[in-house]
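All remarks here apply to the structure that follows.
FYI, it's all coordinate maths here, none of it is from the lab. All values derive from a computational prediction rather than experimental measurement. Heads up, the Cβs are rebuilt from the backbone with ideal geometry, glycines too, and the neighbour counts pull from every protein chain shown.
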Amino acid sequence: MRLRSLPLLAVGLAALPLGAQAPTTRAGGPAARPLPLEATRRYALDTREGTWLSLDVSPDGKSLVFDMLGDLYLMPIAGGDAVQLTSGLAYDTQPRYSPDGKTIVFISDRQGADNVHTLDLATKEVKEVTRGRTNVYLSPEYSPDGKYIVASKGGFRGGLPTLWMYHVQGGNGVALYTAPAAAAPGTAVQQAGAAFTSDGRFVYYTQRTGAWNYNAQFPQYQIWSYDRESGDREPLSSRYGSAVRPTLSPDGKWLVYGSRYENKTGLRVRELATGDERWLAYPTQRDEMESRAPMDALPGMSFTPDSKELVASYGNKIWRVAIDGSGQQEIPFRVQAQVDVAPALAFTYPISDSTTFNARQIRDAVPSPDGKQLAFVAMDKLYVMDWP
């Protein structure tokens with residue numbers, strides 16, 4: 001499902017034409033082909049709530065960008081009607097502002113696979129920064145000088161996401177993490193949620209060993225820092241409830257991250273100078289620590305430029321949370337749209353009501369030691385038959 005374009009409101013940015021998808025160009029290259037799917041259905045949507053909204057505050061503190069149902073939206077930080085920035089059937093997600101506030105970086109599958117893209121807010125031009133067709137990307141973030149983008153890159157069918165850095169104009173990028181040559185089996189790491197310190201020297205991120213697993217044992221993730229000058233890495237947390245989505249304040253004083261306590265997830269705040277910590281908001285929303293976390297273990301959040309408030313989404317709303325612990329304030333929003341939906345997939349499988357039928361799935365067939373019989377499972381029952 002995708003939301004449709006909205007009329008221009010108070011934000012001052014023109015939305016795309018109804019049903020249009022912003023043209024995509026490769027950085028320094030020709031336009032890339034869009035998704036071949038075409039919408040065949042639509043329905044009206046009018047909502048003041050949303051789940052798993054990744055958001056960011058503009059550098060001037062006047063506006064918010066967020067994703068909903070695979071499209072990007074813009075609205076004043078005080079709240080109000082959201083203006084649609086992207087539309088169509090492509091899945092656009094995890095937007096972050098550039099330091100000058102003129103561009104947004106985000107993840108989109110508009111060429112058929114996840115890639116890092118940028119959106120010029122003045123021209124609405126979308127550029128393809130990465131060009132992989134067999135990779136997954138998540139949690140992009142600009143460097144403070146605006147010249148580079150760090151995102152997690154992994155394999156579509158294997159290969160855990162780790163941190164990579166790309167020039168904003170594109171290129172092959174450079175890995176910020178290389179597994180040791182003699183790494184033991186099962187020690188591969190997964191990294192996400194890159195966040196730069198204000199001087200650009202350190203990258204904070206969250207890391208776990210291995211991919212998702214059923215009945216996951218805690219802790220799963222912990223926060224690490226990467227020194228871009230020395231290449232050194234250092235763990236910064238050791239919580240039993242894990243630590244995900246590190247978010248740094250512009251003044252360098254605060255670190256906010258998500259953690260699990262008992263059966264709920266909340267946000268903790270750390271004063272970096274002293275190391276003192278406390279709960280900032282608890283509970284907030286369910287995390288994705290047990291899954292592959294394709295859009296990170298928590299949605300993106302952001303500080304206001306004065307570092308006094310954190311803006312985050314949970315409980316189906318968007319909130320301004322005071323760092324001093326004095327409370328939180330809802331940022332009301334409204335999305336009115338005509339939602340485009342792709343063609344329905346409908347397959348007809350005739351099922352016979354006869355007392356006998358051919359089993360279509362045979363499992364775990366094992367021959368007897370003398371080779372004269374075969375044991376197998378079908379329809380959740382164990383059978384033995386003569387062989388051949």
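In the structure shown, do any of LYS147/LYS253; LYS264/LYS317; LYS124/LYS308; LYS102/LYS264; LYS62/LYS124; LYS147/LYS264 have a Cα-Cα gap over 26 Å, and if so which? It would help to have the intermediate numbers written out before the result.
Numbers: LYS147/LYS253 24 Å; LYS264/LYS317 17 Å; LYS124/LYS308 31 Å; LYS102/LYS264 37 Å; LYS62/LYS124 19 Å; LYS147/LYS264 38 Å.
Violating the 26 Å limit, Cα to Cα: LYS124/LYS308; LYS102/LYS264; LYS147/LYS264.
What is the chain's relative contact order, in percent, from Cα pairs under 8 angstrom and six or more apart in sequence? Write down the numbers at each step before the final one.
On the way: 994 pairs, mean separation 60.9, N = 388.
Over the chain, the number comes to 16 percent.
(i) 1.00; (ii) 1.05; (iii) 1.03: which one is Rg/Rh (Cα atoms, Kirkwood Rh) as calculated from this entry?
Calculated Rg/Rh (Cα atoms, Kirkwood Rh): the matching label is (ii).
Compute the length gained on full extension between THR47 and ASP145: take 0.36 nm times their separation in residues and subtract their Cα-Cα distance, giving the result in nm to one decimal. Display every interim value, and only then the final one.
Details: separation 98, 0.36 × 98 = 35.28 nm, distance 3.68 nm.
In short, 31.6 nm is gained.
May I ask you to derive the FRET efficiency for VAL384 and TYR261 from their Cβ-Cβ distance with R0 = 51 Å, giving the value to the nearest 0.05? Each step should come with its number before you reach the end.
Working: r = 52 Å, r/R0 = 1.02.
Efficiency at R0 = 51 Å is approximately 0.45.
Subtract the Cα-Cα distance of ASP199 and GLN169 from 0.36 nm times their separation in residues, and report this length gain in nm to one decimal. Kindly include the intermediate steps, with their values, before the conclusion.
On the way: separation 30, 0.36 × 30 = 10.80 nm, distance 2.17 nm.
Going from the current span to full extension adds 8.6 nm.
Determine the gain in length on full extension of the stretch THR274-VAL341; use 0.36 nm per residue of separation and subtract their C-alpha separation, reporting nm with one decimal.
Numbers: separation 67, 0.36 × 67 = 24.12 nm, distance 5.09 nm.
Additional length available on full extension: 19.0 nm.
For segment 195-216 and segment 251-329, what is the separation of their Cα centres, given in Å?
With segment 195-216 and segment 251-329 each reduced to a Cα centre, they are spaced 15 Å.
Give the peptides 333-340, 147-154, 360-367 in descending order of average Cβ contacts within 10 Å, highest first.
Details: 333-340: 20.0, 147-154: 22.4, 360-367: 10.0.
Final packing ranking: 147-154, 333-340, 360-367.
Applying a 10 Å radius around every beta-carbon, put 40-50, 248-258, 61-71 in order of their mean neighbour count, most first. Numbers along the way, then the final one.
Values: 40-50: 12.5, 248-258: 20.5, 61-71: 22.8.
Result, highest mean Cβ count within 10 Å first: 61-71, 248-258, 40-50.
Between TYR349 and LYS372, what FRET efficiency follows from the Cβ-Cβ distance if R0 is 41 Å, with the result rounded to 0.05?
Numbers: r = 35 Å, r/R0 = 0.86.
Efficiency, from the Cβ-Cβ distance: 0.70.
Spelling out what I want: for every residue of segment 41-54, take phi, set θ = phi - 60°, compute 6.51 cos²θ - 1.76 cosθ + 1.60 (Karplus), and round to whole Hz; glycine and proline get x.
9, 7, 8, 7, 10, 9, 9, 10, 9, x, 10, 6, 8, 7
If one computes the Cα centroid of segment 145-190 and of segment 51-123, what distance in Å separates the two points?
The two parts, judged by their Cα centres, are 23 Å apart.
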